[in-house]
Amino acid sequence: MKSAEEMNFAMEAYADMVRRICFVHLKNRYDTEDVFQSVYMKYMLYEGAFESREHEKAWFARVTINACKDLLRYFSRRKWVPLDVIAEEREALDDTAEGILEVVLKLPEKYRNVIYLYYYEGYSATEIAEILGRKENTIYTWLARAKGLLRETLGGEWA
């Protein structure tokens, strides 16, 4: 079990990343908080050692993505969200960010993951390949396709 100091460091270092990954996948605040707690419980109980801080950060990214996938698979997940929840979350975004976020959220999962890890977390294609367990060239292909889809949808030049 992790010490209080290790937990505090992990919360300060990775909490924003974990929340953003959750929101990109789950698209609502309540499920995001559930998965967030689950990820940190897994971390607290994790007995292994990390090679470096980058390895620890990659562990958080991978565990968060897997936890989101598990939640989405969970017993034919509900297909509706109350309108007041949607309105509340959209108010937090400005118009430009809302439009871009909406388009990114509509991308297929594999493209969403690489776009998030590349642009928001600053991982290289090589690092993303390790995190997702794919070949580096696959990541480059997915990035190119995701950019193409975003360019088509948003118009003009993107990234």
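A 1.4 Å probe over all protein chains sorts Thr126, Thr32 by accessible area into Thr126, Thr32, starting with the largest.
Modelled spin labels at Asn137 and Glu33, positioned 7 Å past Cα toward Cβ, are 4.7 nm from each other. One chain, two ends: Met1 and Arg145. Fully extended at 0.36 nm per residue, the span grows by 47.7 nm beyond their Cα-Cα distance.
Within the straight-line cut-off of under 17 Å between alpha carbons, the lysines reachable from Lys110 are Lys27, Lys69, Lys135, Lys147, sequence neighbours fewer than 8 places apart in one chain being disregarded.
A simple rule links phi to the HN-Hα coupling: the Karplus curve 6.51 cos²θ - 1.76 cosθ + 1.60 with θ = phi - 60°, which for the range 126-141 gives 5, 5, 5, 4, 5, 4, 8, x, 10, 6, 4, 5, 5, 5, 4, 5 Hz, with x for Gly and Pro.
The values are calculated or read from the model by the stated rules, or taken from the named source; none is laboratory data. What you see is a predicted model; the values in this text were computed from it and never measured. Ideal geometry is used to build each Cβ from the backbone, glycine not excepted, and the neighbour counts take in all protein chains shown. For the accessible areas, the whole protein counts, side chains as well, though only heavy atoms, and no ligand, DNA or RNA atoms are used. Shrake-Rupley method; radii C 1.70, N 1.55, O 1.52, S 1.80 Å.
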